[in-house]
Structure formats: structure tokens, C-alpha cells
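*Asks:* The structure's right below; bear with me while I get my questions together.
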């Protein structure tokens, strides 16, 4: 956490604000999403974050020199950098009297089938910016309580319920949808760094509408099908396997394949 003190008229006051993504509170992520959804400059966005996060009285903030205000904004510069949000500070969202629970940090309790679905929505959203795709992503990750396992209170993923929930999520505050997007993007980036053998960066400048796409657009269903039938079980059973277990297994199999290739062996 960032801690600063301001001394005025013989009184010293202390104020605190987050110093990195995972120190944001639920209220702060909601506020930040409200800021970034506005058509304002980065400087103005960080200035607004200083006011909301440090909670310095406006008259005291105005009393500070421009240089001091700049340093305060600079202390929140991580918000304009790489998204490293991997803790689910949102927890759950409520709509029409019902709670919808999200996955735990780093998507640790997400199945490979669930991740495959969110990836499809996310990658197509990058291309089209269709808000319905963002609602589908949110409706996949955030589900009501059900008969899940010990590490997941959410109900099992059912396609017809996802589609129905996505229609309902039209009523969800857009700040929460954007917060879910930020959380997913942060976890997504962390997952790709964790399994570099699985996620290969695109080559040849893959582009859509003139915008470069940082990763290949790929449906993980091909990989799920390829690695099913082994110790992960049938295709349907493999879809239910924890995402991290699947990627670790996939990494191991790919490394074994590479080793055989180097020795000139057969697959």
C-alpha cells in the first residue's frame, strides 16, 4: 500500500491507497471502472483516482502544489500499466435479489471447458466490441450457488442458463461488467505466462480491422479433443478437468513430444 502524510497548520494527516492491482478493494475497482469508461485523458483519470482512492478532502488536495499532486497520481500509475489483477476482488454481483458468484483468484477453480468458452467470447469481443459477448463472458464466469465441489460454490455450467443469464445481465451495472473484464484479462495474462509452451504468440502480424491482435485466435476445443481419451478421461470428462491441471498435462505431453523429436524417435 502507498502511505503518505500531509502536514498543514501543525497537523499531520495520513492517507493510504493501493500500490498494485491486487490491493484494490471491491469499491475501488467499481470506481476505477466508472472512471475509465469515460472519454477522458490518462492524466484526468489518475487525478480522479487520487481523489477517490486516497480520500483526501478536496480543499486539502487543492492546497497541495502541482508537483505534489503529480506525485500522488504517479503513485497510482500501475493503473495505466500492465493489468495484473488476479484476485477476484469482485467476489459476487447481485441482480434482482440474486447473487452470482465468480471464480476464485487466478481462475484456480475454472474447468478447461469453462475457460475454452470464455476465451471464445473474449477473443471475438476483442474484434467486434459487441457488448453481448462481454455479457456472455460474465454470465459464464459468474453463476448462482449450486452443487459445486468444495472449491467452487457456483452451479455447474449449463449453456442454456448462460444464455438466459447473459440476457439478464443487460440490467447489470456496466461498471461491474467492465470489472469482470479487467479481472479476466489480468488472469488470462497470468495464465499465458504460466504456460508459455501452450500459448504461442502469433506471428505474421495477425490483424483484424487494422488492429494488431497480441495472441492467436484459437478454439481450445481442438486441444481438448486431442488430449482426451488419455488419463484425463473421455471428451466430456476432459472438459470438466481443472484448467490448470489440463495445461500442466498438456505442457508435459508437449515436452515429451519435443524430447522424442530431438532423439529422432517416433511419436
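*Asks:* Please report 33, 187 as a ranked list, fewest other C-beta atoms within 10 angstrom at the top and most at the bottom.
*Replies:* Fewest-to-most ranking of 33, 187: 33, 187.
*Asks:* Hey, what did the chain get for relative contact order, percent, Cα under 8 Å, at least 6 apart?
*Replies:* Relative contact order here is 18 percent.
*Asks:* Let me make sure I get this right: for region 89-189, a, b and c are the square roots of the gyration tensor eigenvalues over alpha carbons, sorted descending. Under 1.5 in a/c it's rounded, otherwise prolate if a/b > b/c, else oblate. Which is it? Kindly include the intermediate steps, with their values, before the conclusion.
*Replies:* Details: a/c = 1.40, a/b = 1.15, b/c = 1.22.
Rounded is the answer for region 89-189, as its axis ratio a/c remains below 1.5.
*Asks:* Using a ≥ b ≥ c from the Cα gyration tensor of region 2-80 (square roots of the eigenvalues), is it rounded, prolate or oblate, where a/c under 1.5 gives rounded and otherwise the larger of a/b and b/c decides, a/b for prolate?
*Replies:* prolate
*Asks:* Label region 92-258 by shape, choosing from rounded, prolate and oblate, from the square roots a ≥ b ≥ c of the eigenvalues of the Cα gyration tensor; if a/c is under 1.5 it is rounded, and otherwise prolate applies when a/b is larger than b/c, oblate when it is not. Present the calculation step by step, with values, prior to reporting the outcome.
*Replies:* Working: a/c = 2.04, a/b = 1.23, b/c = 1.66.
Since a/c reaches 1.5 but b/c is at least a/b, the shape of region 92-258 is classed as oblate.
*Asks:* Which ordering of 199, 227 is given by a fewest-first count of other beta-carbon atoms within 10 Å? Walk me through the intermediate numbers first.
*Replies:* Details: 199 15, 227 19.
Placing the least packed residue first, the sequence is 199, 227.
*Asks:* Relative to the first principal axis of the alpha-carbon coordinates of the chain, what is the inclination of helix 159-168, with its axis defined by its Cα atoms, in degrees from 0 to 90 and to the nearest 10?
*Replies:* Result, in degrees: 20.
*Asks:* Using only Cα atoms, find the angle between the long axis of helix 112-128 and the longest principal axis of the chain, and express it within 0 to 90 degrees, rounded to the nearest 10.
*Replies:* 60
*Asks:* Right, next: Given only helices, namely DSSP H runs of n ≥ 4 each adding -39500 (n - 2.57), what is the per-residue ellipticity at 222 nm of the chain, to the nearest 500 deg cm²/dmol?
*Replies:* Value at 222 nm, helices only: -15000 deg cm²/dmol.
*Asks:* Let me ask something additional. Please list 16-23, 46-53, 253-260 highest first by mean number of surrounding beta-carbon atoms within 10 Å per residue. If you can, show how the numbers build up before the last one.
*Replies:* Numbers: 16-23: 16.5, 46-53: 20.2, 253-260: 11.9.
Output ranking for 16-23, 46-53, 253-260: 46-53, 16-23, 253-260.
*Asks:* So what's the gap between the Cα centers of region 117-136 and region 85-104, to the nearest angstrom?
*Replies:* Here the two parts' Cα centres lie 19 Å apart.
*Asks:* What residue among 136, 64, 126 shows peak mean-square fluctuation when the chain is described by a Gaussian network model with Cα springs under 10 Å?
*Replies:* Residue with maximal mean-square fluctuation among 136, 64, 126: 64.
*Asks:* Relative contact order for region 2-80: what is it in percent, counting Cα pairs under 8 Å that are at least 6 residues apart? Before the final figure, lay out each step's value.
*Replies:* Values: 64 pairs, mean separation 25.9, N = 79.
Across region 2-80, relative contact order equals 33 percent.
*Asks:* Next question, about the same structure. Give, in nm to one decimal, the length gained when the segment between residue 23 and residue 254 is fully stretched (0.36 nm per residue of separation minus the Cα-Cα distance).
*Replies:* Working: separation 231, 0.36 × 231 = 83.16 nm, distance 3.61 nm.
Net length gain for the segment: 79.5 nm.
*Asks:* Here is a follow-up. If you average the C-alpha positions of region 9-70 and of region 180-201 separately, how far apart do those two centres end up, in angstrom?
*Replies:* Distance between centres, Cα-based: 28 Å.
*Asks:* Another question, then. Please report 221, 44 as a ranked list, fewest other C-beta atoms within 10 angstrom at the top and most at the bottom. Provide the component values of the computation, followed by the final result.
*Replies:* Working: 221 16, 44 13.
Final ranking by Cβ density, sparse to dense: 44, 221.
*Asks:* Can you give the angle from 0 to 90° between the axis of helix 26-36 and the longest principal axis of the chain, with both taken from C-alpha atoms, to the nearest 10?
*Replies:* Roughly 80 degrees, rounded to the nearest 10.
Taken together, the values in this text are just the output of simple stated rules run on the coordinates, not laboratory data. Here the structure is a predicted model, which means the values were calculated and not measured. Positions of Cβ are generated from backbone atoms using ideal geometry, with glycine treated the same way; all protein chains shown enter the neighbour counts.
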